[in-house]
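Take a look at the structure set out below.
The values are calculated or read from the model by the stated rules, or taken from the named source; none is laboratory data. Computed from a predicted model, the values in this text were never measured in an experiment. Heads up, the Cβs are rebuilt from the backbone with ideal geometry, glycines too, and the neighbour counts pull from every protein chain shown.
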Amino acid sequence: MYRIGQEEINAVKEVIKTKDFFKVNNSCKAVWGFEEDMKNYFGVSYASFTTSGTGALVSALVALGIGPGDEVLVPAYTYIATAMAVLNVGAIPVVTEVDATLSIDPEDIERKITPATRCIIPVHMNGRPCNMEKIMAVAKKHNVLVLEDACQGVGSSFGGKYCGTFGNMGAFSFNFFKIITCGEGGGVITNNQKLYERSCIYHDASAIAFFGEQMKDFSEQGFCGTEYRGNELLAAVMRCQIKKLDGIVADLRRTKQAVLDKLDGRIALAPDNDSNGDTGNIIAFRFDTKQEAKAFSQKTGGMIPAECDRHVYTSWTPVMEKRGALHPLMDPFRMSANEKLRHNYTKDMCPASLEHLAKTVYCFVNPDWTEADIAAVADKLLSACN
Ligand SMILES: Cc1ncc(COP(=O)(O)O)c(C=O)c1O
């Protein structure tokens, strides 16, 4: 969380004053207002506010028609929620290498695609964009769907186009750790009406079934879904947060650049897919050996992504141990439709990723650092190399 204050307090107050928090009735129309805000910000035709990024990913996968019998490529470096979302819809996640940029490797995507592969989930980790040009080209060549997990990349872009807007659908998280936040929340975006309708029917199941208003223009037939509907109080916060997004990202980028200027190329950076498009919340340094990376992280307090357990496939315990659901008949790993799919997970199945993750060190950036803070950070980083 970066910037939250009086604007959010006032917006929540307005919703509370109505004493009616339900999206359908509330006079503040915060959820529908925030969905309009997302459409305008990202320049897309459809947007939904959900309870979480996980809910956004699951709703999108349902809308894309992913299910038992399908393989979905996910990167070796992402939060476990990406892989769990795939299992939630009955499909099998196939773990794919990340390259030195720490985003999904387009060459490994190509190697891993089989006739069972229905979808690729590129993940824009830490607001550093994936190479969407190459990924979209591979997806097109093999006729595979793309769902962008932009949960950590709200406001990031590739080649001047927002992450989340390249694939068939995009998903965002607004949880506490994200660039803009309401504590817990998510978003789904798409330009495809059918996909939008299906994801609404799924994520807002009871409202859709019992309060006909939203569905009156839908051409898709209703089906039983679940409840990932965002609420008015949190949407009111998000309406303020999205107004702050450009300012936060601009200040992150400016601060990051100020640190880089002081370093003057004396510490090697990890390669990236678009240095103008990342959200600037981290500086990723790259070392020749794991030992050098470790020493640098110890001296600077920087984070080695290989050690950030939850985000590396080796630590996705329920996935690695193939407990895809509580009920055995609901467990994708035991479904007959998935019997022939690849779920032979081993700790060493993505060696290149483990190598890249262990040779990279992150320095986190804050948009509100002063000149003195920037100088102190740069000094610390430089002295760690002497
Ligand atoms: C890459 C990625 N995907 C998905 C999620 C899930 O988002 P949420 O926590 O809002 O469910 C996260 C959350 O940290 C994430 O970092």
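Quick test for you: out of Ala293, Ala384, Ala358, pick the one residue that is buried (at least 18 other Cβ atoms within 10 Å of the Cβ) and at pLDDT below 95.
On the way: Ala293 fails: at pLDDT below 95; Ala358 fails: at pLDDT below 95.
None of the other options fit; the residue is Ala384.
Taking the range 112-127 as the range and being surrounded by fewer than 23 Cβ atoms within 10 Å (Cβ to Cβ) and within 16 Å of the ligand (Cβ to nearest atom) as the test, only Asn126 passes.
Among Thr54, Thr50, Thr78, Thr82, which is the only one that is closer than 19 Å to Met215 by Cα, within 14 Å of the chain's Cα centre (by Cα) and crowded, with 18+ Cβ neighbours inside 10 Å?
Details: Thr54 fails: closer than 19 Å to Met215 by Cα; Thr78 fails: closer than 19 Å to Met215 by Cα; Thr82 fails: closer than 19 Å to Met215 by Cα.
Unique residue meeting the criteria: Thr50.
When the helices (runs of 4 or more DSSP H) confined to the range 171-266 are screened for residues that are away from the ligand (no atom under 16 Å from the Cβ) and of a type in the set (Gly, Ala, Ser), those reaching at least 3 such residues are found at 205-210, 232-263.
Screening Leu381 on (1) outside any helix (DSSP H, G or I); (2) touching a Cys at 6+ places or on another chain (Cβ under 9 Å) shows it passes everything except condition (1).
Total residues in the range 92-111 satisfying the condition of being crowded, with 23+ Cβ neighbours inside 10 Å, assigned to a loop (DSSP other than H, G, I, E, B) and within 16 Å of the ligand (Cβ to nearest atom): the figure is 2. Select from the range 274-312 the residues that are of a type in the set (A, V, I, L, M) and in a strand (DSSP E or B) and list them in ascending order. Scanning the range 274-312 gives Ile282, Ile283, Ala284, Met303, Val312. Residue count for the range 30-68, restricted to those that are touching a His at 6+ places or on another chain (Cβ under 8 Å) and either at positive phi or more than 12 Å from the ligand (Cβ to nearest atom) (or both): 1.
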